[in-house]
Each structure stands twice: as C-alpha cells, then as structure tokens.
Amino acid sequence: MQVEEVFHPGTLTCDASDPLEEVAAKMAVDHIGALAVLDNDRIIGIISERDIVRAVAEKVDLRTATATLYASHQLQTAAFGEDTRDAARRMLDAGIRHLPVKQGPVVVGVISMRDLLAVETWL
C-alpha cells in the first residue's frame, strides 16, 4: 500500500512563535497528536504531545515558551509513492509517531503510526 492511500490530507500547523499553551489547545480541539511547525510558510519541525509533556515536566511557562523551542527539528517526511511499510520502518527507527506527507515539495498532510497500524490490521 502507498502512503497517499492512508494519510490524512490537510496539514494542521502552528507558527514557530506560538506559545505551547496555544499549541496544546489546538491539538486538543482538533483531536490530534502533532502539528507541523511553520516559519513563514516553511515547515521547520513537528511538535507532538510528547514534546508538550516534556515542557510540562520541565515546568516551563506554557504561555511564553514557543513551539520552536520544543519541536523536533530533525524533520523526516513521507512522500507520495512511498510504501507504507518503508514509512513505518523509518518511524520505528527514528522513534517517532508522525510524518508530514509531501507531494513533490509541498506538505499535503500527515501519516501517523496509528494509520500504518490500521493498514496492517484491517487490510
């Protein structure tokens, strides 16, 4: 199966300068576990629930600490045409649960470990 058959279209994002409090609220409202972090419409990282938990554990002020401070900047992406098993292997190797999905140079959505598990379980 290919990435484009199972990914979630539409990129849920936050700005690099957004406070973690707003980032967490957006995740809660949208029922998602990660957001792409943008700097002037360019994706520079991804921030996940784990990153928010780390900030809470470090007792940072969630109203002033920004997304870019806690985002993962070693960004990996999945691409249209990529086999879902290859994407899953890369996610496991990197210890990550979400990959932004690119169609050419444009980020068009996200694929999660849950999406990939569903492929293996129900198809």
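General observations
- Residue among Gly33, Gly109, Gly95 with the largest mean-square fluctuation in a Gaussian network model of the chain, springs linking Cα atoms under 10 Å: Gly95
- Selection of GluC sites (Glu not before Pro), the stretch 29-107, meeting DSSP coil and at most 11 other Cβ within 10 Å: Glu58
- Acute angle (nearest 10 degrees) that the helix 20-30 long axis makes with the longest principal axis of the chain, alpha-carbon atoms: 40 degrees
- Of the trypsin sites (Lys or Arg not before Pro) in the stretch 14-105, those whose Cβ has at most 11 other Cβ within 10 Å and which sit in DSSP loop: Lys59, Arg63
- Debye intensity ratio in log₁₀ form over the Cα atoms of the chain, taken at each q of 0.20, 0.21, 0.23 Å⁻¹: -1.08, -1.16, -1.33
- Amide H contacts of Asp15: Leu38, each under 5 Å away and 5 or more positions distant or on a separate chain (H built 1.01 Å from N in the peptide plane; Pro and chain starts excluded).
- Here r is the Cβ-Cβ distance between Met1 and Ala28 and R0 is 35 Å; the resulting FRET efficiency, rounded to 0.05, is 0.70.
- Unit charges on C-beta of K, R, D, E only; dipole of the chain, Debye: 240 debye
- Neighbour counting of Cβ atoms within 10 Å sorts the residues His73, His98, His8, His31, fewest neighbours leading, into His31, His73, His8, His98.
- Neighbour net charge for Val23 - beta-carbon separation under 13 angstrom, K R +1, D E -1: -3
- Helix content alone sets the calculated 222 nm mean residue ellipticity of the chain: runs of n ≥ 4 DSSP H residues at -39500 (n - 2.57) each, divided across all residues, give -10500 deg cm²/dmol.
- Residues considered: Leu38, Leu99, Leu75. Largest GNM mean-square fluctuation over the chain, using C-alpha springs under 10 Å, is found at Leu75.
- Charge dipole (the stretch 3-122, unit charges on Cβ, about Cα centre) - positive-most of Ile43, His98, Thr13: His98
- The slack in the chain from Leu69 to Thr121, taken as 0.36 nm per residue of separation less the alpha-carbon distance, amounts to 15.1 nm.
Bear in mind that the values in this text are calculations on the coordinates, not laboratory data. Predicted model only: the values in this text are computed from it and were never measured. Every residue, glycine among them, receives a Cβ derived from its backbone with ideal geometry; neighbour counts consider all protein chains shown.
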